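First the structure, in the form of structure tokens, and then the observations on it.
Quick note: the coordinates plus some simple rules give every number you see, no bench work behind them. All values reported here derive from a predicted model rather than from experimental measurement. Cβ: placed from backbone, ideal geometry, glycine included. Neighbour counts: every protein chain shown.
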Amino acid sequence: MTKFFEIYGQMLLRAIITHLEYVAISVSVGFVIGLALGILLSRIPKWSTFIMPLVSIFQTIPGIVFIGVLFLYLGMKPITVIIALSVYAMFPVLKNTYTGILEVDEGLKEAAKGCGMSQFQSLFRVELPLAFPNVIAGLRLATIYTVSWAVLAAMIGLGGLGDFIYQGVSANDNTLIIAGAIPAAVIAVALGALIDRLQKLVTPRGMRRGAAQ
């Protein structure tokens, strides 16, 4: 094990940093876009009737296919991976934001309207705060998925922990596979636990069971 870290230690550290950069940038971009689209669709129900099914269909496309197509047009650049990962990270946030806003009790919306709130004020003072636990749950899914999808960056030579996994598979070297897989799993668990903590902080006690589902 000591010999392994002497040989691969610096390479592994660089791979972890690269992997985290892909995840941080992609999830941040995907979260902002997904949140904005989720809010927009909740205000324009007619659009949601065809956009949400379209999103579900697009989500079934394997990540390796999408990255491969982007690679043909954008080449071997980090932006290729970031665009692909951001799109996939957007989906859970979009769906949870849209669903969370729609599930807000109509009585509360009417009460906000009765208090003289505009639709804009109702959205940001009533609906979004109540939907926020769902939004955070979507963020958690997006983050965990992106950690695993980021492995695909190695497929087009852009680093990350996938380098160790692909090299290990090619060389039939279990040590290299484990060196890539274990840090990825640890990152996913750690980030998932961090977001779970955030979700508990923003979720009223009586709503925690529903939000977790």
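The range 171-199 and the range 79-118 have Cα centres separated by 29 Å. Give me log10 I(q)/I(0) at q = 0.21 Å⁻¹ for the range 58-103, Debye formula, one equal scatterer per alpha-carbon, no solvent. The Cα Debye sum returns log10 ratios of -0.69. Counting only complete DSSP H runs, which helices of the chain cover 18 Å or more along their long axis at the Cα atoms and score a mean Kyte-Doolittle of 1.0 or above? Qualifying helices, which must be both long enough and hydrophobic enough, are 2-43, 78-102, 128-149, 174-202. Each of the peptides 57-63, 33-39 was scored by the mean count of other Cβ atoms within 10 Å over its residues; in descending order, highest first, they stand as 33-39, 57-63. State the percent of C-alpha pairs, over all pairs in the range 18-125, separated by a distance greater than 23 angstrom. Pairs farther apart than 23 Å: 40 percent.
When the dipole is taken about the Cα centre of the chain, and only Lys, Arg (+1) and Asp, Glu (-1) are charged at their Cβ, what size is it in debye, to the nearest 20? Result for the chain is approximately 460 debye, rounded to the nearest 20.
Taking all Cα pairs closer than 8 Å and separated by 6 or more residues, the relative contact order of the chain comes to 25 percent. In whole angstrom, the range 85-157 maps to an equivalent ellipsoid with semi-axes of 35, 10, 7, each derived as √(5λ) from the alpha carbon gyration tensor and ordered largest first.
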